Structure formats: structure tokens, C-alpha cells
Amino acid sequence: MKTADPTELPEPGGSVTFTIVVTNTSTVDDITIDTLTDSIYVDNNGHGDCPVPQTILSRENYSCSITVDVNGNAGVVETNVATASGTDDDGNAVSDIDAATVTITDTP
């Protein structure tokens, strides 16, 4: 899951905190996330509090966030997609993807 806070900013924009939550839905396997990438900010490793690799135990979550500036004129919509990839403890590939959107609004 990926969320943005805030989801709207008055122009010219400002700081946005993107939070990423990776959930291991397996009832038996631990997973290791080796890469955490982003469609705009590329590699989240080492940015904010998002270091990888991260091992996530069965039925547990890994959560991290990055704060970046989102700027533009009114009407700009930034959709930011995060992808988490890795393997389970049997060596099988795992991945998940989610997006968060921020809109720049008009300043009265």
C-alpha cells in the first residue's frame, strides 16, 4: 500500500510524505524485500526511513516513508508508483505494486 500526505497542495506545491506498507500475506513463509523502487524518485533504498533488504515475517508488515517536494502549477497531478520486489524463504519471487496521487490546486 502506498499513501500520500497531503494528497492536495496549493500551488506552487510543497512537502509530501509518501508512506509505503508491504504486507506479507503468507501464513508460513517469511519474505525478503530486496528492492523498493519508485516511478518518480527511482530507488527508495536509503531515502527517508526505507532501507532494504528487509525481511518480513509471515503475516507481518514493513512500513517506511520518504518526504519529497511536489511542485507545479494548478492542475498538476503526480501519480507515484512504488514497487517492492524480493523472494520468499523458498526462493520464489514476490512483488507488489501500489500508487499514490498528489494534486496541485489553484491558489485563490
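General remarks:
- Put a dot 7 Å past the Cα of Ala99, heading toward its Cβ, do the same for Ile40, and the two dots end up 1.2 nm apart.
- Taking 0.36 nm per residue of sequence separation and removing the Cα-Cα distance, the Thr67/Thr27 pair yields an extension gain of 11.2 nm.
- The chain - convex hull of the alpha-carbon atoms, volume per residue in Å³: 77 Å³
- Per-selection metrics, segment 47-99 (Cα): Rg and Dmax in Å: 15.0, 48
- The apolar share of the surface of the chain, taken as the fraction of accessible area on carbon and sulfur atoms (1.4 Å probe, ligands and nucleic acids excluded), comes to 50 percent.
The values are calculated or read from the model by the stated rules, or taken from the named source; none is laboratory data. A quick note: this is a predicted structure, and the numbers were derived from the prediction, not measured. Positions of Cβ are backbone-derived with ideal geometry, glycine not excepted, and every protein chain shown enters the neighbour counts. Surface areas here come from the heavy atoms of the whole protein model, side chains and all, with no ligands, DNA or RNA. Shrake-Rupley method; radii C 1.70, N 1.55, O 1.52, S 1.80 Å.
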